[in-house]
Amino acid sequence: MKIDLAGLSKAELQKLQADVEKALSNIDQKKKEDAKKAAEEAAKKFGFSLDELVGKTRGKAAKVSAAKYRNPANPKQTWTGRGRQPGWIKDGLAKGKKLAEFAI
């Protein structure tokens with residue numbers, strides 16, 4: 001297929017460029033889907049799911065830290081000891097409690 005690019009206007013060339021980029025993206029997406037399907041079939045052949053082999057980590061950190069501290073007033077509130085101290089930790093420390101008193 002030969003296209004006479006010299007005979008096209010700038011708008012036509014930009015439309016052609018957008019169409020080519022979309023087509024390339026579609027090809028890449030199809031290849032990814034085919035690769036994932038093949039990987040799932042291979043995992044299944046050995047008695048595993050693909051998620052069991054590679055884990056589900058999309059959009060989240062691969063490893064989540066375990067909670068080390070719990071709010072005695074509300075056991076649903078926990079803290080890993082990383083990042084900012086929650087308000088209930090700050091309040092407790094300000095009242096003279098020790099961090100160890102919140103340990104799980």
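Bear in mind these aren't lab numbers, they're just calculated from the coordinates by the rules spelled out. Predicted, not measured: the structure shown is a model, and the values here were computed from it. Because the Cβ atoms are built from the backbone with ideal geometry, glycine has one as well, and the counts that use them run over all protein chains shown.
The simple spin-label model puts a point 7 Å past each Cα toward its Cβ; for D4 and L93 those points are separated by 7.6 nm. In summary, the aspartates and glutamates within cross-link reach of K68, defined as a Cα separation below 18 angstrom excluding same-chain residues under 8 places away, comprise D91, E101. Length available on full extension from S49 to I27: 0.36 nm per residue minus the Cα-Cα distance, which gives 5.4 nm. Less than 5 angstrom separates the built amide H of Q77 from those of N71, all sequence-distant by 5 or more or on a different chain.
Here the 3J(HN,Hα) profile of region 43-50, calculated from phi with Karplus coefficients 6.51, -1.76 and 1.60 at θ = phi - 60°, is 4, 4, 4, 9, x, 10, 9, 4 Hz, Gly and Pro shown as x.
Annotation: extensible slack from K68 through E12 equals 14.0 nm (criterion: 0.36 nm per residue apart, minus Cα-Cα distance). Here is the P(r) of the chain: all C-alpha pair distances, binned every 10 Å from 0, give 11, 20, 14, 14, 18, 13, 7, 3, 0 in whole percents.
Decide, for region 8-54, between rounded, prolate and oblate: order the square roots of the alpha carbon gyration tensor eigenvalues as a ≥ b ≥ c, take rounded if a/c falls under 1.5, and otherwise choose prolate if a/b is larger than b/c, else oblate. Prolate is the answer for region 8-54, as a/c is 1.5 or above and a/b outweighs b/c. Each part gets one Cα centre, and for region 1-30 versus region 79-104 those centres are 59 Å apart.
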